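Read the figures in this text as sums done on the coordinates, not as results from a lab. If you're wondering where the values come from, they're calculated on a predicted model, not measured in any experiment. Don't worry about glycine lacking a Cβ; one is built from the backbone with ideal geometry, like all the others, and counts go over all protein chains shown.
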Amino acid sequence: MIEPYYVSLIVVLAGAFVGMVAPYLIKCWEEPDTKFEFGYFYTLLVTAVIATGALIPADMTPSPQYYLSLFLAALGLQTVLSKAKTKR
């Protein structure tokens, strides 16, 4: 059985990945000549580092609400970091 910490980390990374990939796929669908900028992977890595650090001291109680809140938090963090990178 996988420990709750690793499941939580996977959920957070999935939320961050969806925050980066879904908007890109929509953009490619609307404008097929869109090129992917690898610089956006940096925001995914920052999200992963923050999530890893934030989860270390946590006492995890596996529940659907817990995992959904982690997913949405990572999605929000990834979206904010992506917007900040775009504005820069």
*Which whole-angstrom value gives the distance between the alpha carbon centres of segment 1-36 and segment 38-76?*
12 Å
_Based on C-alpha coordinates, I'd like the Rg and Dmax of the chain, in Å._
14.4, 46
*At R0 = 22 Å, FRET efficiency that the Cβ-Cβ distance of Phe38 and Phe17 yields, to 0.05*: 0.90
*How many nm separate the modelled label positions at Val46 and Tyr66, each set 7 Å beyond the Cα in the direction of the Cβ?*
2.9 nm
*At a Förster distance of 35 Å, what's the computed FRET efficiency of Ala54 paired with Cys28, Cβ-Cβ distance as r, to 0.05?*
0.65
_Suppose only helical runs count, i.e. DSSP H with n ≥ 4. What mean residue ellipticity at 222 nm does that imply for the chain under -39500 (n - 2.57) per run, divided by all residues and rounded to the nearest 500 deg cm²/dmol?_
-26500 deg cm²/dmol
